[in-house]
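*Asks:* The structure that follows is given in the form of structure tokens.
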Amino acid sequence: MARAHPAHARRCLVGGLLMLAASCVSTTSADLEHLRRDLGIPVSADAVPEGHRPIAALAYARTGFYFLGFLPVVSVELAAGVRKVVEQARALGATGIANLHYEYEPASSLRFVVFPLPDWSASLHVTATAYAPLEPVHRPLPRPPETLGEPAARPGR
């Protein structure tokens, strides 16, 4: 039985580890129900509810750094991004947030372009619409016509 050369075995082992590291998957999530209770303001991915009007488009972006692709130095958290958007909405006097969307790009140990490159940064972008109740439209009643400074005649007099 032929035995593999030690240098060849090491190369196969390193190649296998690199492929395994490049195939790691990262996920993020935020418990929106828990956030809703904490924030005290309605947060939804749906459209602005009926009876309300949009008052501002909100955006939050953050870039993080993960040493070796998984040890957080500057972390990126979805819940923190949602909290920042809620702070922006409250500062504007909003009563709720609609159209909440996020885009998260996790860090990876290696990214293959032409050759493997370390990519240890992660990014998060959160967008939403702040809304408030529709204000009733108050239109002043038209003034009755006056003739030569005298009040207009009213019907029934």
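The values are calculated or read from the model by the stated rules, or taken from the named source; none is laboratory data. Computed from a predicted model, the values in this text were never measured in an experiment. As a convention, Cβ positions derive from the backbone with ideal geometry for all residues, glycine included, and neighbour counts pool all protein chains shown.
*Asks:* Residues of the stretch 106-116 being at pLDDT 65 or above, in a strand (DSSP E or B) and hydrophobic (A, V, I, L, M, F, W, C), which ones?
*Replies:* LEU110, the sole residue that qualifies.
*Asks:* A further question follows. Report, ordered by the first and then the second residue, all pairs with beta carbons closer than 7 Å, sequence separation of six or more or different chains, a first member in the stretch 67-88 that is within 19 Å of THR129 (Cβ to Cβ), and a second member that is assigned to a strand (DSSP E or B) and among the β-branched types (Val, Ile, Thr).
*Replies:* GLY81/VAL126; VAL82/VAL43; VAL82/VAL126; VAL85/ILE97; VAL85/VAL126; VAL86/VAL43; VAL86/ILE97
*Asks:* State whether one or more residues within the stretch 46-64 are surrounded by fewer than 16 Cβ atoms within 10 Å (Cβ to Cβ), at pLDDT below 90 and out of contact with any Asp or Glu (no Cβ under 8 Å at 6 or more places or on another chain).
*Replies:* Yes, the conditions are met somewhere in the stretch 46-64.
*Asks:* A further question on this structure: Filter the stretch 65-80 for residues that are crowded, with 17+ Cβ neighbours inside 10 Å and in contact with a helix residue (DSSP H, G or I) (Cβ under 9 Å, 6 or more places away or on another chain) and give the result.
*Replies:* Once the filter is applied, which keeps residues that are crowded, with 17+ Cβ neighbours inside 10 Å and in contact with a helix residue (DSSP H, G or I) (Cβ under 9 Å, 6 or more places away or on another chain), the stretch 65-80 yields only GLY69.
*Asks:* Let me ask something else. Inspect the stretch 32-40 for any residue being within 15 Å of ALA128 (Cβ to Cβ) and modelled with pLDDT under 65 and give the result as yes or no. So that I can check it myself, show each step before the final result.
*Replies:* First pass over the stretch 32-40, keeping only residues within 15 Å of ALA128 (Cβ to Cβ): 32, 35-36, 39.
Still in the list and also modelled with pLDDT under 65: 32.
Yes, that holds for at least one residue.
*Asks:* List the pairs whose first member sits in the stretch 121-149 and is loosely packed, with under 10 Cβ neighbours inside 10 Å, whose second member is charged (D, E, K, R) and modelled with pLDDT of 90 or more, and whose Cβ atoms are under 9 Å apart, counting only residues at least 6 apart or on separate chains?
*Replies:* GLU135/ARG53
*Asks:* Here's another thing I want to ask about it. Could you grab me the full set of residues in the stretch 81-98 that are among the aliphatic types (A, V, I, L, M), surrounded by fewer than 17 Cβ atoms within 10 Å (Cβ to Cβ) and in a helix (DSSP H, G or I)? Steps first, please.
*Replies:* Here is the first cut: in the stretch 81-98, the residues among the aliphatic types (A, V, I, L, M) are 82, 85-86, 89, 91-92, 94, 97-98.
Still in the running and surrounded by fewer than 17 Cβ atoms within 10 Å (Cβ to Cβ): 91-92.
Matches in the stretch 81-98: ALA91 only.
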